[in-house]
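Here the structure is laid out as structure tokens; the discussion comes afterwards.
The values are calculated or read from the model by the stated rules, or taken from the named source; none is laboratory data. For clarity, every value in this text was computed on a predicted model and none was experimentally measured. When we count neighbours, we look across all protein chains shown, and the Cβ atoms used for this are built from the backbone with ideal geometry, even at glycine. Quick note on the areas: whole protein, heavy atoms, side chains included, nothing else; ligands and nucleic acids left out. Shrake-Rupley method; radii C 1.70, N 1.55, O 1.52, S 1.80 Å.
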Amino acid sequence: YLQPKYHLPEEKIGGAEALVRWCSRAEGMIYPDEFIPLFEKNGFVVTLDLWVFEEVCRTLCSWTERGVKPVKISVNCSRVHFKNEKFLQAYLAIADQYQIDRSLIEIELTESVVFEDTERLIKIIEQIRAAGFGCSMDDFGSGYSSFSVLINPRITTLKIDRSLFQNENDLREKTLIRYIIQTAKELNMTTVAEGIETKGYVDFLKELGCDYVQGFYYYKPMSVEDFEELFVKNPITSA
């Protein structure tokens, strides 16, 4: 599935995040919160992440071959990968197989990995950027966020976690969001607000100069086919 990212300054779709759903014949749609923790325990998440990454590369390649202007797509990368120091080689092999522009893919790392091994995380970020991919810090604000990791200039995007958008009338919440966005802007980082569902938050984020909004207010996750139909009708700006 792809969930569009809405570019607030230009009021256009400006990118997408690749998401995974488990479509069970017996139980219907199963969401990641129900199966990702299990896959992280048994190691299958590595196979799943690479499958999603290949599907993204396949989609980007298809768009290019059909003359459709591609959009940057972000993909999630589980911390389980980091047990293998050469984990990125599998990603590079897939990207090269489809001969896609690596700058069209952004690899998302969750903030939880910061506290497991900060030094290792910095090396991983440098490897990702040296390979030509974008690098995003996902779920920022969901836990004990470490602002020190933002000093690394190779992090290109900061995704503000949905947990910070609970009450649009809460002044303390707004103060924190304002501080995070202002800090990111001063560090020349692109900002994405996740889980946005109301016009009040959209107006507030637009006022703050947030770059992208991702959430049900604009678009829910959708099939690749539906996404293609959407952006053919609504030309995409560069992400």
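Determine, yes or no, whether Thr59 is closer than 20 Å to Asp226 by Cβ and either touching a residue at least 24 places away in the same chain (Cβ under 8 Å) or not basic (Lys, Arg) (or both). Criteria met by Thr59.
Looking only at the range 72-106, how many residues end up being farther than 22 Å from Lys41 by Cβ and modelled with pLDDT of 90 or more? Of the residues in the range 72-106, 21 are farther than 22 Å from Lys41 by Cβ and modelled with pLDDT of 90 or more. In the range 1-60, of all residues being open to solvent by 40 Å² or more (accessible area, probe 1.4 Å) and among the polar types (S, T, N, Q), the one that is farthest from Gln99 (Cα to Cα) corresponds to Asn42.
Would you mind stating whether Leu230 is modelled with pLDDT of 95 or more and either open to solvent by less than 80 Å² (accessible area, probe 1.4 Å) or under 14 Å from the mean Cα position of the chain (by Cα) (or both)? In short, no. In summary, strands (runs of 3 or more DSSP E) completely within the range 14-90 and bearing 1 or more residues that are touching a Ser or Thr at 6+ places or on another chain (Cβ under 7 Å) occur at 28-30, 73-76. Every residue in the range 1-28 that is in contact with a helix residue (DSSP H, G or I) (Cβ under 6 Å, 6 or more places away or on another chain) and within 24 Å of Asp211 (Cα to Cα), please. Matches in the range 1-28: Leu2, Leu8, Ile13, Ala18.
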